[in-house]
1. Only one of (1) surrounded by fewer than 15 Cβ atoms within 10 Å (Cβ to Cβ); (2) touching a residue at least 12 places away in the same chain (Cβ under 8 Å) is not met by Asn228, so which one is it?
2. What's the number of the condition Ala84 fails, among (1) surrounded by fewer than 17 Cβ atoms within 10 Å (Cβ to Cβ); (2) part of a helix (DSSP H, G or I); (3) more than 18 Å from the chain's Cα centre (by Cα)?
3. Have a look at Arg164, Arg222, Arg209 and point out the one that is in a helix (DSSP H, G or I), of a type in the set (Lys, Arg), out of contact with any His (no Cβ under 8 Å at 6 or more places or on another chain) and surrounded by 13 or more Cβ atoms within 10 Å (Cβ to Cβ).
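Read the figures in this text as sums done on the coordinates, not as results from a lab. All of these numbers come straight from a predicted model, not from anything done at the bench. Note that we place each Cβ from the backbone using ideal geometry, even for glycine, and neighbour counts take in every protein chain shown.
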Amino acid sequence: MKSLLHHLAVTFQKHDLRGWVLPLLALLVWQTVTWFEWVDTRLIVPPGGVFAVAHAEMQSSAFWLGVAASLGRDLLGFALGSIAGIVFGCALALSRVANSLLSPSFHVIRQISLFAWVPLLSVYLGYGELSKLVLIALAVFYPVALSTHEGVAGIERKWLEVARVYEFNRKQFVWRLLLPAASPQIFTGLQLGLIYAWLGTIGAEFLLRSYDTIGLGETIFRGRAAFNIELIVFGMLVVGLIGYLLSQGAMHFERQALRWRSSY
């Protein structure tokens, strides 16, 4: 018994499996309360029912098409919002005129809740892909612009003097000084933007839904329409898992991209 406990302790320390304790405990409680019917199992469905629905859904090509559609919207909206946010943040940090003209309006508009834009977008752009992409890009734009502005504005003056002494042209200034020096803050904004993009994607698929919309949001919507709790829970779990994988991928990419800073 002691050797088993020691082996488990070593495994947990080596692989840091502590993060699995809470999900496994939640699964155990979930299974217990539904097994003994301490709750209304029509509303709190057993885990086995969710697993059965998950198996059936994952055999369907429509489910994987929905995953691909959601990821495509997410990444395209993320790219558009990130580019706009980086350019805007650099402009605010480098130009006093741009900062004076745009900064007050920017800080007012960013206080507007993301989903408060939905009625306006639906009126002007309808319920098609364009309105969804604009909503996702808006979700990304604000954190990326703010982080970029902070990163560029925080560059030490001595580095700017170095660029002036070496007579950097505009291209050299951007690629050899500006972006490398501000990269930690920019990557922080991009990580936040990726999280908000995924939230915006699912929100857009719900709130800007049309008859031909496909995506993970549609999977959850089907579950709600049919009062299929198992399908709703399955869709929520998939959304959470994909969001987690996107976040971990962004963190890994940041570590690789900024590895030169550690050696420096």
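1. Among (1) surrounded by fewer than 15 Cβ atoms within 10 Å (Cβ to Cβ); (2) touching a residue at least 12 places away in the same chain (Cβ under 8 Å), the lone unmet condition for Asn228 is (1).
2. Failing condition for Ala84: (3).
3. Only one candidate qualifies: Arg222.
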